[in-house]
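Right, one structure below, let's go through it.
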There are 2 protein chains.
Amino acid sequence: MRPLFHPALEDIKPEAILYALSDPERVAIFAKLAGTACGGTCSALADLGDRVIPKSSLSNHFKVLRESGLIRSERQGVEMRNQTRCPELDERFPGLVRAILAAYGQFPGELKTG
Amino acid sequence: MRPLFHPALEDIKPEAILYALSDPERVAIFAKLAGTACGGTCSALADLGDRVIPKSSLSNHFKVLRESGLIRSERQGVEMRNQTRCPELDERFPGLVRAILAAYGQFPGELKTG
């Protein structure tokens, strides 16, 4: 199985973050993940309130989030555990992720960054 | 001549802002405009330090910036005057534009918002 690609913190580009979060569905997934205490599995995140995201789309959303540097994914058996990289991202781009989530009306002020 | 489209403040969508600013060249134009006291003309903004942007690309960049709600453009004779909508944007999405420009290393902390 191919290893999952995660950019190093210093290689994360703002344009990749912005592109990844220019899709409201991806933002909803990311915000849900940011509010999850332990790593959210893909299947647990497929249900976004009023609609269910097809597994293939979900898998692509996770890939874009991961390769932009927004999340870290880890295979655990047949499942994938995902967590945000908010604490390190906030060091590199202070306030960026929080301001973006707030603009979308997601988690204003209560995003866990530490 | 067709009137230029500008979204009303309440119609500006975060996904459009993020998409528009997910292109480093567009960010450079926007940042230069944000630092210009009076409205910058297209031709004055074509020179971004180390490279010159072709007029056709520049025109498209301005269209994306305008239609996302980031700038306001006004025809003045044969020229187009452009200015950012930072003050109103900052009311609607507090800190967003500033955090994005800072992430790109553009104008950290000295963006005019009022």
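The values are calculated or read from the model by the stated rules, or taken from the named source; none is laboratory data. Model, not experiment: these values are computed from the prediction. When we count neighbours, we look across all protein chains shown, and the Cβ atoms used for this are built from the backbone with ideal geometry, even at glycine. For accessibility, only protein heavy atoms count, side chains too; no ligands or nucleic acids. Shrake-Rupley method; radii C 1.70, N 1.55, O 1.52, S 1.80 Å.
Scanning the stretch A:95-106 for residues that are within 8 Å of chain B (Cβ to nearest Cβ), among the hydrophobic types (A, V, I, L, M, F, W, C) and open to solvent by less than 40 Å² (accessible area, probe 1.4 Å) yields A:Leu96, A:Ala99, A:Ile100, A:Ala103. With respect to (1) more than 12 Å from the chain's Cα centre (by Cα); (2) at pLDDT 90 or above; (3) not charged (D, E, K, R), the lone exception for B:Leu111 is condition (2). For the stretch A:13-21, the criterion of being within 14 Å of chain B (Cβ to nearest Cβ), open to solvent by 70 Å² or more (accessible area, probe 1.4 Å), modelled with pLDDT of 65 or more and in a loop (DSSP other than H, G, I, E, B) is met by at least one residue. Taking the stretch B:40-94 as the region of interest, the helices (runs of 4 or more DSSP H) fully inside it that hold 2 or more residues being at pLDDT 95 or above, crowded, with 16+ Cβ neighbours inside 10 Å and of a type outside the set (Ser, Thr, Tyr) are B:55-68.
Within the stretch A:1-10, restricting attention to residues that are more than 14 Å from chain B (Cβ to nearest Cβ) and either open to solvent by 50 Å² or more (accessible area, probe 1.4 Å) or in a helix (DSSP H, G or I) (or both), which residue is modelled with the highest pLDDT? Filtering the stretch A:1-10 for residues that are more than 14 Å from chain B (Cβ to nearest Cβ) and either open to solvent by 50 Å² or more (accessible area, probe 1.4 Å) or in a helix (DSSP H, G or I) (or both), the one modelled with the highest pLDDT comes out as A:Phe5.
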